[in-house]
Amino acid sequence: MKKEKLKKWQELPIGGLILDMGNSSETQTGDWNPNRLVWHDDTCTHCLLCWINCPDASIKVKDSKMIGIDDYHCKVCGICVEVCPTKPKSLEIISEEVA
Amino acid sequence: MEKGTLEEKKSKRRVSLTGDDAIAEAMRQINPHVVAAYPITPSTQVVESFARFVADGLVDTEFVATESEHSAMSACVGAAAGGGRVMTVTGSQGLAYMFEVLGVTSGLRLPMVMAIANRALNSPLNIHGDHSDTMAMRDMGWIHLYSENGQEAYDNTIQAFRIAENPNVRTPVLVAIDGFQTSHMVETLTVEPDNLVKRFIGEYIASYPMLDIDNPVLYGAADRPDYYMEHKRSQLVGMINAPEVIQQVGQEYGALTGRYYGLVEEYRMEDAEHAIVVMSATAGSVKDVIDQLREEGVTAGLLKVRAFRPFPAEEVAKSLSRTKSVAVLDRCGTGGAQGGPLFLEVRAALYEEKSPPQVINYIYGLGGRDLPLRHIKDVYLRLREIARTGERGKLVDFLNLRE
Ligand code: SF4
Ligand code: SF4
């Protein structure tokens, strides 16, 4: 996982303001949760229920097909796992030790 | 430096006003975009008089009579972030109730001015003057200016906008006067012409106003541990730049009005061996006592601290290093510290001196307790005794306390 580049205090805008709107994509939230989310493409039906329900836009989709997880932002909340309809589930949370 | 025009000099007015009304008069001339306030004794009169100016159409200000001080400061934050020139007025419990939002204002670097009529904090409930309210917020990132009388309250209110809005400072400023002693005392003071004040404060140019919808900006984002310290360090820049700006604004104001201001004011300090350090109204009484004592051969002097935050440590040390004994008068309790807040600062400022004077601390005037001149005289006599014998005695004591 690539690392977010942290700025020095001299480089910050006054008052903690955010001047470049929509910059939240630059903020790494993927390292908040020590657990990891994995996707099993062999069972996935590309129903995209995970994509609809993910609160962090961390399900990557191309041409109406799921193509993976955005590890830089995924907080491993588990909502996508909950809604995934396949049996067995096509999304799985693996614990820190295993990851 | 710019001087007032002849026309303006002729239209100076000498008027009799209470300290509260002196501030209200400055506010009328400043004509802020937004004033949000919830009146509290002893600054109520500022809000009442200003509300009348609004009702009479003498100002263009959007006056927001909020339901509490917490709301007042919150409204001020919104208005200032929106890009307005903003002011509020409070003190004591009202200031305490604003506490949560005070750090938001300074953390967001919103240039705003707050007038305070200093008043004791509960309990016991007390509506009279002391500095425990503003001293409780001394580290909230606001610049503190303390005023000796109504004239200074008027002058400081006007200068405060120039200091707060300076691009290198961008930090909120509070202007304090002593509750009742100054807020309700009628004094004759000089009110400058409206156009001079208008020209002096100038047009306000907000940086990153939220109402500039073509350039959207986010105020009040959250920080995790990886950024909070960097933001707090960058906030300090305003404080570090403030002393120079406070002095420069004080000089410029002096050139226009004849009344010059600095970080501190010295009174008969050139050859003083015994000095009192104090803020606000009591400085006036101390000056009177000094004049009497000088007649009696006591080399007494005064160092009045005008800017308490940022604390002018260098100026204080320089002024006091020539003395033999110093008494710092704090109008605020110690709260379990080694002394009052002013005392702690002064003593720390003298630490680097090779042969510092003996420094003692007196707590005085809590909850409006009077400080008769004879008590101030006693302080000087004790200072002379300390210098003579080298015996400091009690470090922290109370003035005019029954015991
Ligand atoms: S775990 Fe949560 S954040 Fe991560 S992809 Fe699933 S729904 Fe989105
Ligand atoms: S919810 Fe499950 S099956 Fe549907 S697209 Fe996502 S991973 Fe594939």
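The values are calculated or read from the model by the stated rules, or taken from the named source; none is laboratory data. Keep in mind the model is a prediction, meaning the values are calculated, not measured. Glycine also receives a Cβ, built like all others from the backbone with ideal geometry; neighbour counts cover every protein chain displayed.
List of remarks:
- Evaluating B:MET279 against the criteria (1) more than 14 Å from chain A (Cβ to nearest Cβ); (2) surrounded by 13 or more Cβ atoms within 10 Å (Cβ to Cβ); (3) out of contact with any Phe, Trp or Tyr (no Cβ under 6 Å at 6 or more places or on another chain) leaves one unmet condition, (3).
- Selected residue (only one of B:ALA348, B:ALA327 is within 16 Å of B:MET269 (Cα to Cα) and out of contact with any Asp or Glu (no Cβ under 8 Å at 6 or more places or on another chain)): B:ALA327
- Top-ranked residue of the stretch A:3-17 - restricted to ones that are of a type in the set (D, E, K, R) and exposed (fewer than 10 other Cβ atoms within 10 Å of the Cβ), ranked as nearest to the other protein chains (Cβ to nearest Cβ): A:LYS8
To keep it simple, each residue is scored yes or no on (1) closer than 28 Å to A:ILE14 by Cα; (2) assigned by TED's automatic domain parsing to the domain that holds B:VAL305; (3) part of a helix (DSSP H, G or I).
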| site | (1), (2), (3) |
| --- | --- |
| B:GLY78 | yes, no, yes |
| B:GLY94 | no, no, yes |
| B:MET98 | yes, no, yes |
| B:LEU102 | yes, no, yes |
| B:THR105 | yes, no, yes |
| B:ARG109 | yes, no, no |
| B:SER123 | no, no, no |
| B:ASN126 | no, no, no |
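- The condition (being farther than 28 Å from A:THR27 by Cβ, among the hydrophobic types (A, V, I, L, M, F, W, C) and either touching a Phe, Trp or Tyr at 6+ places or on another chain (Cβ under 7 Å) or more than 11 Å from chain A (Cβ to nearest Cβ) (or both)) is satisfied by just one residue among B:ILE213, B:ILE246: B:ILE246.
- Which listed residue, of B:LYS318, B:LYS324, is touching a residue at least 24 places away in the same chain (Cβ under 8 Å), basic (Lys, Arg) and over 28 Å from B:SER123 (Cα atoms): B:LYS324
- Residue among A:ASP56, A:ASP20, A:ASP70 that is modelled with pLDDT under 95 and within 13 Å of ligand 1 (Cβ to nearest atom): A:ASP56
- Residue list for the stretch A:7-43, filter: in contact (Cβ under 8 Å) with a residue 60 or more places away in the chain and assigned to a loop (DSSP other than H, G, I, E, B): A:PRO34, A:ASN35
- Filter result for A:GLU96 (touching a residue at least 60 places away in the same chain (Cβ under 8 Å) and outside any strand (DSSP E or B)): yes
- Candidate set from the stretch A:52-71 (those that are over 16 Å from A:TRP32 (Cα atoms) and either among the polar types (S, T, N, Q) or within 14 Å of chain B (Cβ to nearest Cβ) (or both)); member that is nearest to ligand 2 (Cβ to nearest atom): A:ASN53
- Looking at A:HIS46, A:HIS40, just one residue is away from chain B (no Cβ under 14 Å), on the phi < 0 side of the Ramachandran plot and of a type outside the set (Gly, Ala, Ser), and that residue is A:HIS40.
- B:TYR362 meets each of the listed conditions (1) surrounded by fewer than 23 Cβ atoms within 10 Å (Cβ to Cβ); (2) not in a loop (DSSP other than H, G, I, E, B); (3) not basic (Lys, Arg) apart from (1).
- Looking at the stretch B:1-68, the helices (runs of 4 or more DSSP H) lying wholly inside it that each contain 3 or more residues that are within 27 Å of B:GLY83 (Cα to Cα) sit at B:19-30, B:44-55.
- Restricting attention to the stretch A:73-85, the residues that are surrounded by 13 or more Cβ atoms within 10 Å (Cβ to Cβ) and either more than 7 Å from ligand 1 (Cβ to nearest atom) or not aliphatic (A, V, I, L, M) (or both) total 8.
- In the stretch A:72-92 there is at least one residue that is of a type outside the set (Ser, Thr, Tyr), in contact (Cβ under 8 Å) with a residue 12 or more places away in the chain, assigned to a strand (DSSP E or B) and within 14 Å of ligand 2 (Cβ to nearest atom).
- Scanning the stretch B:258-273 for residues that are touching a helix residue (DSSP H, G or I) at 6+ places or on another chain (Cβ under 9 Å) and closer than 17 Å to B:ALA317 by Cβ yields B:GLY262, B:LEU263, B:VAL264, B:GLU265, B:GLU266, B:MET269, B:ALA272, B:GLU273.
- Scanning the stretch A:18-48 for residues that are within 12 Å of ligand 2 (Cβ to nearest atom) and surrounded by fewer than 17 Cβ atoms within 10 Å (Cβ to Cβ) turns up A:VAL38, A:HIS40, A:ASP41, A:ASP42, A:THR43, A:THR45, A:HIS46, A:CYS47, A:LEU48.
- In this structure, B:ALA160 does satisfy being free of Cβ contacts under 8 Å to residues at least 60 places away in the same chain and either within 19 Å of B:VAL77 (Cα to Cα) or among the small types (Gly, Ala, Ser) (or both).
- Identity of the residue in the stretch B:34-85, of a type in the set (D, E, K, R) and under 21 Å from B:ALA164 (Cβ atoms), that ends up surrounded by the most Cβ atoms within 10 Å (Cβ to Cβ): B:GLU69
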